[in-house]
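One structure is given below, encoded as C-alpha cells.
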Number of protein chains: 2
Amino acid sequence: MNQMSVSTANEAIMANAIRALTMDAVQAANSGHPGMPMGMADVAAVLFNRFMQIDPSAPKWPDRDRFVLSAGHGSMLIYAMNHMLGYADMGMDQIRNFRQMGYRTAGHPEYGHADGIETTTGPLGQGITTAVGMALAERMHNARFGDDLVDHFTYVIAGDGCLMEGISHEAIDMAGHWGLGRLIVLWDDNEITIDGSTALSTSTDQAARFAASGWHVLAVDGHNTQEVADAIEEARKDPRPTLIACKTVIGYGAPNKQGTSATHGAPLGDEEIAATRAALGWNHPPFELPEEAYSAWRAVAARGKAARNAWEGRLAAASDRDAFNASLAAPDAKALRDAINGYKARLSSDAPKVATRKASEMALEVVNATLPNTIGGSADLTGSNNTRTKGMEPVSRDNYGGNYIHYGIREHGMAAAMNGIALHGGFLPYGGTFLVFTDYCRPAIRLSALMEVPVAHVMTHDSIGLGEDGPTHQPVEHIASLRAMPNLNVIRPCDAVETAEAWEVAATADKTPSILALSRQGLPTLRDAHTDANMVARGAYVLREVSGERDVTLIATGSEVELAVVAAGLLAAEGIKAAVISAPCFELFAAQSDNYRATVLGTAPRVGVEAAVRQGWCEILGENSAFVGMSSFGASAPINDLYTHFGITADAVAKAAKALL
Amino acid sequence: MNQMSVSTANEAIMANAIRALTMDAVQAANSGHPGMPMGMADVAAVLFNRFMQIDPSAPKWPDRDRFVLSAGHGSMLIYAMNHMLGYADMGMDQIRNFRQMGYRTAGHPEYGHADGIETTTGPLGQGITTAVGMALAERMHNARFGDDLVDHFTYVIAGDGCLMEGISHEAIDMAGHWGLGRLIVLWDDNEITIDGSTALSTSTDQAARFAASGWHVLAVDGHNTQEVADAIEEARKDPRPTLIACKTVIGYGAPNKQGTSATHGAPLGDEEIAATRAALGWNHPPFELPEEAYSAWRAVAARGKAARNAWEGRLAAASDRDAFNASLAAPDAKALRDAINGYKARLSSDAPKVATRKASEMALEVVNATLPNTIGGSADLTGSNNTRTKGMEPVSRDNYGGNYIHYGIREHGMAAAMNGIALHGGFLPYGGTFLVFTDYCRPAIRLSALMEVPVAHVMTHDSIGLGEDGPTHQPVEHIASLRAMPNLNVIRPCDAVETAEAWEVAATADKTPSILALSRQGLPTLRDAHTDANMVARGAYVLREVSGERDVTLIATGSEVELAVVAAGLLAAEGIKAAVISAPCFELFAAQSDNYRATVLGTAPRVGVEAAVRQGWCEILGENSAFVGMSSFGASAPINDLYTHFGITADAVAKAAKALL
C-alpha cells in the first residue's frame, strides 16, 4: 500500500472518533483505560488509513496485515476502530457495553471473543513477543508459498510497560536476530506509567537499546500524522525490524488531565469529558459518530477488501493452492493416527528402554514426517530436549525455509513466539526446555490456554530423576501448578508407546495446548502396543489388571509407572492383588464418562505414585488412599540415591499399599 | 583494596588449580559443567587475588564484598575457590564428592548449603538480578550507617544465558537507573551456549545494550590477567554499574575440546583430562594441589581477615552500633506483636469495611512504624497495591536513604531484587503487584522458598473479584499453583483483622516467604478482634461456631468468608447448623497438631468456598464434601455479575451444603 493513494483529509476525525468512543465507553463502564487510546489515536488512524490491509468481511484472510495491541489495557482503541471498520460483530451495542458480561468488549482484548483481535493482550510484553512469532511465521510461510500468497506486515502498538518487561528483551533479540523487517513496533512514548513519570523507574535509552539488537529506529511526534506516515513508510522499506518511538501525550485532548497518569486507568469523569469534547471540537453525543468518521474508516475496509479479492484471484491460480490451504487447515489426524499406529506396532516388537525425552524424538520423527508444517525448537537445550529430528534445518534470516528454531536461552520468548506462530497460521509449533523452566514461560503458557491455541511444550527432565543438577533444576511443584491451569493438557507418559500417543494427542489438539512432561532417565516399555487404541487420549487406563477382585489399585504417571508395576509384583508375591493404572493425563481422564472412570479406578483402596507433590491427586485417589511422592524441594545426587532418599521406591509403594489393607 | 599491594606471581597457579579441581570433580561425578570454570578461572583468580574482601573465618561479615556466580552451572568455580580460601565447611571431601547425596557441593550453588555462597543460582538470570538487589541494599545500608560500616562491592560472573534471559533486561534497567556503581558484572563472553555458537540465536551487541541503560562498559581478554585487573580497577572508580566483557575460551586448557560446547555440560573424559594436564603443565594428581595454590588463595583470606578486624574496630567505636546490629538481626517480634494487637483493638471498635489491599496498607502503617528497616515497593501498581505508607520516600540514585522502591513494570526483577535485598541483610523487603502476575515472577519466588528467605509479596486483585479487567488479570489457578510450592506461605485474609495478623506472620517469618493474596473489593470486618491471639498463624480456625452439633462446616478463604457467613445465616434460617471456618493459610494449618486440625474441621460434611480452582482443597475437605469455586478462566464484567455468573454466592454455598445433608 502506498500512503499517497489514500485520502488523508479525515484522519483527524478518524482519530477523534476513537477518542470519543474511548472516553464515553470507559465512563459508561466506570472502569477502563482512556489514556492510551486517546494518546495513540492519531498514530492508529494513520496506520490504518494509509497502510493496513485488512478485510473486516473476511477477518481471517491469511494475507492480511496483523495488528497487535501489545498495550492491551488500551482495548478501546481496537474496539473503536473495529466498530468503525465495520466488523460485523462489533456493533455500537458492544461499545456501549464495554466490560460488561456477555459482550465481546472485554477489559483487555481477548482472542476469539471478537473478529479482528489477533491475540489476547493485557499481560504486558506478551503482545510484542507474540507479534515476533507472527512476523517470523509470515516469513516462513512466504518462504514456502512466495510473495503472491504471503506478503504482509505485522504492526504492534506497545507501551512503556511492554518495553520494561523482561520478555521484551527476548522479543527484541529474536526479532533482530531473525531480521524480521516486516515487524513494525509503534511505541507509545508518553513517558507515563501508573505510578507517574517513567523517570521514577527507568533510564534506558530505548532507541539505543533496540539499535543494539539490530533494529531500525525512528522517532516521531505521535500527533503529527505526516511524520508518523513517513516513518511507517520508511520502516516498511527497511530490511530490519523497526521501532518507531511516537512521542505522544497520554489522554490527548483531555485539557486538564492529559499528560498525567490520571488518564491511564480511570474514567475521565463527566466534567473532563465535556471539556475534552470542547477542546477537540467534537459536538456529537456519546456513542454517536459523524458520517465522515464511518466513511473514512470504511474506506480502509474497502481498500482491504479489494486487496483480498486480488489475493483470492492469485490463490485460485496458484499451483500450490492445495498445499497452501492444507497448511492453514487442521492437521491430518487420520494420516497421523495411521503413522503413529504403524510406529506403535514397531515399538511393540522392539520394546525399547529409552528416556521418554528420547521416545519423544522417536515419535517426532513420525510426526514430522507425516505433518509437513511442524516447526520444532528449543530454548538452547536441543540435545537434552531431543526436539530436532533428522533433516530439520535451522530457521534463520538466511533460511526462513528452515523448520527448527534455536530460540536461545529465552523460554518466555519461545512460548510467546510459539503462540504467535500458531496464531498466524500455517504451522504447528513445538518447543522444548526443562520442565522446571515452565516457571519462566508461565504467562505465555497461560495465554495459550486462555486463547485455546494448541501449541506443544516439550518439557524434559521432569522430576528429581534428572539427578545431579539439584533442586534448582528439579521440578517438584510444577506438574501440580500446571494441572491447576484451565484448558491445559499436562501429559506425562510412562514409556515409548505412551509418548507416541501423547504426541498424537498434542499434535491434533484443536483448542488445548499441551505440556509433555518427559523423563531424563531411561524407562522400559510397559505397554503392549498391539492395540491401535490411543490410551493416553483416555487420560488414564488399566495397564495391569488382576484376575478376580482387586485388593489395591496402584496409580502412577510417567517414570513412576515402572515403580508401580514392580510394586504390584512384590505385592503379588505376598498374595495381594494390585492393579496398575497408568494416568498420563489427569485432564483427559476427567473428561471421560463417569462409568469409564469408575471402571478404571475400581473400588479397592488406592495408592498414587508420582515424584512430585501430592496436590492435584485428590479426585483420583479418594479417601482410603496413600500417596508416594515428594513433599519438599529435591537434592543434588545421582538418580538412584535421590529416589531412595525421598522414599519413592517400589518397596515404599508396596508398603503403602499394605498399610491400607 | 589496591591491586598493587598484592602478589600476582601465582595467579596462573591459582587459576589452574580451579581448572584442575573442576575437571577432576566433574569427571568423578560423571556430570557437571567444566567449561565455564575453566574459561573464567583467570578472571576469578584476579578478582579474588587483587580485589575481593572476604573473611572465610567470618563468612557473614556484613561488610564483605559479595560474589554472585550467576552462571550457576559453573558451580565448581565457587567450590574450588572456597576450598582453597579455607572455608571450614569446604574440605577436599566436598570437592571429591561433588554432586553427591549429603554433600554441600550441589550441582548448582545452593544458598545455605555452604558458607561463601551468597545466593542460589542456576536458573539463569536470577543471579545477576539478585545481585542488583544486593548492590542496592549496600547503598541503602550505607546511606543509613555510613562508609565506616558499609562500603563494599558486588561482583557477578554472568554467562551468555544470563544475558539472554528476559529478566536480565529488568536487572540492567534497574541497576542503571539506580546508579549502582559498586555493581560489577564480569561477563563470560565465550560465544558458546549449549546448542553451539551464540550466533545461532543472538545478534545483540551487549556492550551497546548495557550502555543504553546507563552502564559503564569495558572489554578485555579474559585470559590476560593485567587487562582484567585494570578493568576491575577502572570499574570500581566509575560511578556507573560496569559490565566487563571478558573474552574467554570455554573449557580453556582442554586442548581438543576448548572453545566448543562439548566442554559446557559434560565431563571432559580421562583422555582429555590427561591432555589438559599436559597442556597446562599441571603435574599434580586429582584432588591434590601444590602448596603455592593454597598459599596464594589463603593470602586472599588473610587480607580479608585483616580488613574485617579493622571493620570490627570501627563497629565497636560506632555510635550507631546498636542500630546497625539491630538492622541485621531478626525483626523485633515482641514489639510488632504489641503494635499489631493495639491496632487490632482499634479495628475491633471500627469494624471497617475495606478491601484487604487497603487493610494491608493500614496494617503496613503499623508494621512500618514499628520495624525501622522495612523497604516497600511495587511493580508500578503503588496505588492499587496500597504498598506505600505515609512518609515513605522513594529510593533513587539521589536518595538511597529512601524506603520505597518504584520497581517499574518489572515483576520478575522486583522479586529477584527483593531476594537480593533480603540476602544482603539490613532490610525487610516487601513488594506488590497483581496476584495474576505471580506468573511473571515465579522463578524468583521459587528461589526465595528454596533459599528460605522470608520476603513478603503483596499480591492484590486476587480473584474474579477484580472485575472488569477480565480473564487476563483474574487469577484462577494462581492460589493453587503457589500452594503447590514447598516452603511458601500463601495467606489470603478475609478482613482487616486477619490482614493485620497476616502481616505479623509475614514480617516475622524466619525462613518462609509469604504471598499475601488481597482483595480489590471491600470486605466487612468479620473477626472479633478483642483477642490478642494471632489466628492467621494457626492457618485456619473456627470463625463462627454453632451451639450443639454441627450439621455442616463451611470453610472459606479471603473474600469468600463473607459468603460463607451469609450462607450460614441462610442455613440457620432453615434450622441447619453451619459452622464457618476461615482458612487463610493452608500451609500454616497443615503445621498444626492433628488434634487442633480435627477440632477445627469437625466431623460434619464440609463445603469449601474459594473463588479459584478446587485443586489443593483435598486434605481440608475430605470425602463427603462440596466445593464452590471456579473451574475455568474468568470473564470481564462488574464484580457482582461475575460472582453470580460463576455461581459463587451465599445461595450456592447454602445449596451445596444442603445437598450434602
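The values are calculated or read from the model by the stated rules, or taken from the named source; none is laboratory data. Being a predicted model, the structure only gives us computed values, none of them experimental. Neighbour counts run over all protein chains shown; Cβ positions are idealised from the backbone, glycine included. All accessible areas refer to the heavy atoms of the entire protein, side chains included, with ligands and DNA or RNA removed. Shrake-Rupley method; radii C 1.70, N 1.55, O 1.52, S 1.80 Å.
Here are a few things to note about the model shown:
- Residue count for the stretch B:212-221, restricted to those that are surrounded by 19 or more Cβ atoms within 10 Å (Cβ to Cβ) and more than 7 Å from chain A (Cβ to nearest Cβ): 5
- Leading residue by the ranking (most open to solvent (accessible area, probe 1.4 Å)) among those in the stretch B:500-514 that are touching a helix residue (DSSP H, G or I) at 6+ places or on another chain (Cβ under 8 Å) and part of a helix (DSSP H, G or I): B:508
- Checking each residue of the stretch B:165-185 against the condition of being more than 17 Å from residue B:44 (Cα to Cα) and among the polar types (S, T, N, Q) gives at least one match.
- Hey, residue A:231 at negative phi, of a type outside the set (S, T, N, Q) and either touching a residue at least 60 places away in the same chain (Cβ under 8 Å) or not in a strand (DSSP E or B) (or both) or not: yes
- Residue B:351 vs. criteria out of contact with any Cys (no Cβ under 7 Å at 6 or more places or on another chain) and on the phi < 0 side of the Ramachandran plot: no
- Boolean, residue B:295 is of a type outside the set (Lys, Arg) and either at pLDDT below 95 or not in a helix (DSSP H, G or I) (or both): no
- Applying the set (1) open to solvent by 40 Å² or more (accessible area, probe 1.4 Å); (2) in contact with an Asp or Glu (Cβ under 7 Å, 6 or more places away or on another chain); (3) closer than 29 Å to residue B:534 by Cα to residue B:661 leaves exactly one unmet item: (3).
- Taking the criterion of being more than 9 Å from chain A (Cβ to nearest Cβ) and open to solvent by 10 Å² or more (accessible area, probe 1.4 Å), the only residue of the stretch B:478-494 that qualifies is B:489.
- For the stretch A:48-76, the set of residues classified as part of a loop (DSSP other than H, G, I, E, B) and hydroxyl-bearing (Ser, Thr, Tyr) consists of A:57, A:70, listed by residue number.
- Which listed residue, of A:295, A:327, is among the hydroxyl-bearing types (Ser, Thr, Tyr) and either farther than 30 Å from residue A:506 by Cα or open to solvent by 40 Å² or more (accessible area, probe 1.4 Å) (or both): A:295
- The single condition among (1) among the polar types (S, T, N, Q); (2) open to solvent by 10 Å² or more (accessible area, probe 1.4 Å); (3) in contact (Cβ under 8 Å) with a residue 40 or more places away in the chain that residue B:168 does not satisfy is (2).
- Lone unmet requirement of (1) assigned to a helix (DSSP H, G or I); (2) crowded, with 24+ Cβ neighbours inside 10 Å for residue A:33: (1)
- Selection over the stretch A:113-130 of residues that are closer than 23 Å to residue B:439 by Cα, assigned to a loop (DSSP other than H, G, I, E, B) and more than 9 Å from chain B (Cβ to nearest Cβ) gives a count of 2.
- The condition of being open to solvent by 50 Å² or more (accessible area, probe 1.4 Å) and not assigned by the TED database to the domain that holds residue B:94 does not hold for residue B:306.
- Residues located in the stretch A:178-209, provided they are at positive phi and out of contact with any strand residue (DSSP E or B) (no Cβ under 7 Å at 6 or more places or on another chain): A:179, A:196
- The listed residues are A:115, A:147, and the only one of them that is open to solvent by 10 Å² or more (accessible area, probe 1.4 Å) and within 27 Å of residue A:22 (Cβ to Cβ) turns out to be A:115.
- All of B:280, B:268 fail the test of being closer than 13 Å to residue B:20 by Cα, open to solvent by less than 30 Å² (accessible area, probe 1.4 Å) and at pLDDT 95 or above, apart from B:268.
- Within the stretch B:193-210, considering residues that are more than 7 Å from chain A (Cβ to nearest Cβ) and more than 23 Å from residue A:417 (Cβ to Cβ), the one surrounded by the most Cβ atoms within 10 Å (Cβ to Cβ): B:210
- Within the stretch A:74-105, being closer than 20 Å to residue A:264 by Cβ and of a type in the set (Ser, Thr, Tyr) holds for A:75, A:79, A:105.
- Test result for residue A:520, open to solvent by 40 Å² or more (accessible area, probe 1.4 Å), within 31 Å of the chain's Cα centre (by Cα) and either hydrophobic (A, V, I, L, M, F, W, C) or under 20 Å from residue A:463 (Cα atoms) (or both): yes
- From the list B:244, B:232, the lone residue that is closer than 19 Å to residue A:212 by Cα, surrounded by 17 or more Cβ atoms within 10 Å (Cβ to Cβ) and away from chain A (no Cβ under 14 Å) is B:244.
- Condition met for residue B:316 (aliphatic (A, V, I, L, M) and part of a helix (DSSP H, G or I)): yes
- Single match in A:497, A:566 (criterion: open to solvent by 10 Å² or more (accessible area, probe 1.4 Å) and not in a strand (DSSP E or B)): A:566
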